[in-house]
Amino acid sequence: MTIPLARWLAAPLALLLALPLPACAQPKAATPDADPALWVVKDKDTTVYLFGTIHVLRPGLSWFDEAVKKAFDASQTLVLEMVEPDAQTQQRVVTGKAFAPAGTPLTEQISPNYRPAFEKAMTDGGLPPAAYNRMRPWFAAITLSLLPVQKLGYDPANGPEKVLTDAARKTGKPIVGLETFEGQLGIFDRISQPAQVKLLESTLDELPTADATFRKLVDAWAAGNPDGVASEMNESLKDSPEVAKALLIDRNKKWAAWIAERMKRPGTVFVAVGAGHLAGSQSVQQQLGAYRLKAVRVRY
């Protein structure tokens, strides 16, 4: 099982920018134009756009134009997975959820054959044992999943959430979060200890191919290919039903319920969530069927 965690949650990405990472490599030339997938749910007086994001991108990729920009401009409200809180709140929540104050060091919780690779990856990222040994396994997995993509020049500052947030603030659009920062971290915190350890070990397994895997994901997203996104993200969850339920299925159901409730009021809303949630058999669009709502692909 390989689960590229940096693709799934928005909250830890902003937080991990504060870690002492080595300087990012110079980004290679990105595809100049991207046409990521966009859907719309409509009735006589309500319109909800569904846009899939990649939480971290390299600079230079043009996607906030054409139909995406038109849909955003027509919307009164921006809805994201999570609205980033202030630094003090982030620190408080992370201290309480992501680190264990005492107990068995993390290096002793994972299988002996994984320990050398784990210690090397964390040390290469500039993290001393005193820091990573107190991490809970899920947070160490998130940290490890982000380290290689940041080194390759991928950054939340270039991601759609940041671009959309800046545009919304500039135009005075309200910004709503489907989840809270604490709630996002709590998703992992509720996963069982064995599943957390397996998650960390799986992340270590995929580190050598992180560059190629992430490139495929971004290429699929840029080409507006949800099947390709699902292949790179959702398929890997099949080997861990507990993680799939926590990261994907439960959240998609909740978001579909939110959309169904929002459809009862007039107006236009632009919903931007991770692209994996809008791809595959358990997607938000599929979950909307329970409410007799249909999401239609916007062709452009």
Charge tally in the Cβ shell below 12 Å around Asp65, where Lys, Arg are +1 and Asp, Glu are -1, Asp65 excluded: -2
Positive-pole candidate from Val271, Pro129, Gly159, dipole of the chain, charges at beta carbon: Val271
Residues of type lysines that Lys151 reaches as a straight line, Cα spacing below 23 Å, ignoring anything fewer than 8 places off in the same chain: Lys28, Lys120, Lys162, Lys216
Sum of side-chain charges, Ala34 neighbourhood, beta-carbon under 13 Å (Lys, Arg +1; Asp, Glu -1): -3
Cross-link table Lys70/Lys254; Lys198/Lys254; Lys264/Lys294, entries beyond 23 Å C-alpha to C-alpha: Lys70/Lys254; Lys198/Lys254
Average accessible surface area per residue within the range 39-106, 1.4 Å rolling probe, Å²: 45
Rg over Rh [alpha-carbon atoms, Kirkwood Rh] for the range 149-202: 1.14
5 Å binning of all Cα-Cα separations within the range 152-247, expressed as whole percents from 0 upward: 2, 10, 14, 17, 21, 20, 10, 4, 2, 0
Kirkwood Rh in Å, taken over all unlike Cα pairs in the chain: 19.7
Relative contact order of the chain, defined on C-alpha pairs under 8 angstrom at six or more residues apart (%): 37
Separation in nanometres of the label points that stand 7 Å from Cα toward Cβ, at Ser231 and Arg297: 1.4
Charge sum, other residues only, whose C-beta stays under 10 Å from Lys151's C-beta, Lys/Arg counted +1 and Asp/Glu -1: -2
Förster radius 41 Å - calculated FRET efficiency between Thr95 and Ser281 (Cβ-Cβ, nearest 0.05): 0.60
Burial order of peptide ranges 132-141, 72-81 (average beta-carbon count within 10 Å, highest first): 132-141, 72-81
Computed helical MRE - 222 nm, the chain, DSSP H runs ≥ 4 contributing -39500 (n - 2.57), nearest 500: -12500 deg cm²/dmol
Accessible area of the chain belonging to carbon and sulfur atoms, whole % at 1.4 Å probe: 53
Hz values of 3J(HN,Hα) by residue in the range 154-171 - Karplus curve (6.51, -1.76, 1.60), Gly and Pro given as x: 7, 8, x, 5, 9, x, x, 4, 5, 4, 5, 4, 4, 5, 5, 5, 5, 9
Cα pair distances of the range 71-153 binned at 10 Å [whole percent]: 14, 38, 27, 13, 7, 1
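The values are calculated or read from the model by the stated rules, or taken from the named source; none is laboratory data. What you see is a predicted model; the values in this text were computed from it and never measured. We place every Cβ from the backbone using ideal geometry, glycine too, and count neighbours over all the protein chains shown. These accessible areas exclude ligands, DNA and RNA; they are computed on the full protein's heavy atoms, side chains included. Shrake-Rupley method; radii C 1.70, N 1.55, O 1.52, S 1.80 Å.
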